[in-house]
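Scroll down for the structure; my scribbles are underneath it.
Laboratory data are not the source of any read-out in this text; all were calculated from the coordinates shown. Everything quoted here is computed from the prediction, not taken from an experiment. Positions of Cβ are backbone-derived with ideal geometry, glycine not excepted, and every protein chain shown enters the neighbour counts.
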Amino acid sequence: MQRVYGSSAMLATAEVARPRAEAGQVLVRVHAASVNARDWHLMRGDPKIARWMDRSVFGRRGPANPVQGGDFAGTVEEVGDGVTDLAVGDDVFGEAVSGAFAEFVAVPRGLLDRKPANLSFAEAAAVPLAANTALTCLRHVGDGERVLIIGASGGVGTFAVQIARARGARVSAVCSTRNVEAARSLGAEQVFDYTREPVTGRYDTVLDLAGTRTLRELLRLVEPTGTLVLSGGGNFDGGSWFGPVGLLARGQLARPFVKPAVRGPMAEQTPQSLTELRELIESGLLRPAIDRTYPLAETPAAIEYMETEHARAKIVITVASPDEQ
């Protein structure tokens, strides 16, 4: 848990009251959780503008909820009034607003679904936020379209390559040397190693997950009738005040004046999106890639590793050790 913004040294393990399932909620015994970029943004309180934009998550001096963590997978421990389609003992996965880096988390019924039958708890915990972001960003993609994914080796990127391929697209990926073969194995037909070569060509959709290129550079890669999707990434030139929000804002301001459509992130977790992801996974079209696994007590180290921006795929935190893990 964390009371004040800062480095991973501000995170500590503590005993807290066990939550209860209120009406419309489900209490989950967490077996695994996963780390997302939002966790280190929240740890640092960056970009600082977020402290004024989203007070439900960012407080002025520290996180609104001292217990972090969004993605989780576990077993239903208790159901609140009004929840009739889940029972104690059911295996589930989902995304909480916060509180998943703990032994128990209480979440609204609409933010979880039954765990994919062919995934372990650790694998299922890696799915919700990253896979739903990729799904939302690429929902417009159709069969035969050319799609470029910049940042293809990260948590969202590894899902994006697979989802674009599942939708019938011809996928090109951008990543570093060590991730080229991994990107190909996920379904990319062409892979650009950004450390050795420029990215060339024109695409029907460009999904930028890295945030390291200017808006002008990105627009040059998109067909005039295509779509540029901006979805976070590194700090780029926004600094600690605006971070990736700077690039996203410029993209939105440019929308009326450029030919390619420009879209920002619009990921919203719903029961339908989780069900769609579960069906893709159970049909063999989508599978999470995991870089490292940490025990709950080493959550600070897991977030610190994520903060280096060198993580490949997803980072998972194991909270319990059932036989399925």
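Using each residue's phi in the range 148-153, evaluate 6.51 cos²θ - 1.76 cosθ + 1.60 at θ = phi - 60° and report the 3J(HN,Hα) Karplus result to the nearest Hz, with x for Gly and Pro.
10, 10, 9, x, 6, 9
Could you pull out every residue, at least 5 positions away or on a different chain, whose amide H is within less than 5 Å of the one on GLU78? Hs are placed 1.01 Å off N in the peptide plane, and Pro or chain starts have none.
Here LEU27 satisfy the definition.
Can you tell me which of 276-282, 171-177 comes out highest on packing, and rank the rest after it, using the mean Cβ neighbours within 10 Å?
Working: 276-282: 18.7, 171-177: 23.6.
Descending mean neighbour count gives 171-177, 276-282.
Could you give the alpha-carbon Rg of the range 64-135 over 2.2 N^0.38 Å, rounded to two decimals?
Working: Rg = 11.9 Å, N = 72, 2.2 N^0.38 = 11.2 Å.
Against the empirical 2.2 N^0.38 Å value, I get 1.06 for the range 64-135.
Modelled label-to-label distance, THR84 and VAL16, 7 Å Cα→beta-carbon offset: nm?
Each label point is offset 7 Å from its Cα along the Cβ direction, giving 3.3 nm.
Place the peptides 184-197, 111-124 in order of packing, highest mean first, counting for every residue the other Cβ atoms within 10 Å and averaging per peptide. Could the numbers behind the result be given before it?
Working: 184-197: 16.1, 111-124: 21.9.
So the order, starting with the most tightly packed, is 111-124, 184-197.
Whose amide H sits under 5 Å from the amide H of LEU112, counting only residues 5 or more places off or on another chain, with H placed in the peptide plane?
Amide H neighbours of LEU112: none.
Amide H of VAL191: which non-local residues (sequence gap of 5 or more, or other chain) have their own amide H closer than 5 Å, using H built in the peptide plane?
Long-range HN contacts for VAL191: ALA173.
How many nm is it between the label spots at GLN190 and GLN272, if each spot is 7 Å from the Cα in line with the beta carbon?
In this crude spin-label approximation the distance works out to 3.4 nm.
Under a point spin-label approximation (7 Å from Cα along Cα-to-Cβ), what is the ARG220-ARG178 distance to one decimal in nm?
The two pseudo-label positions are separated by 2.9 nm.
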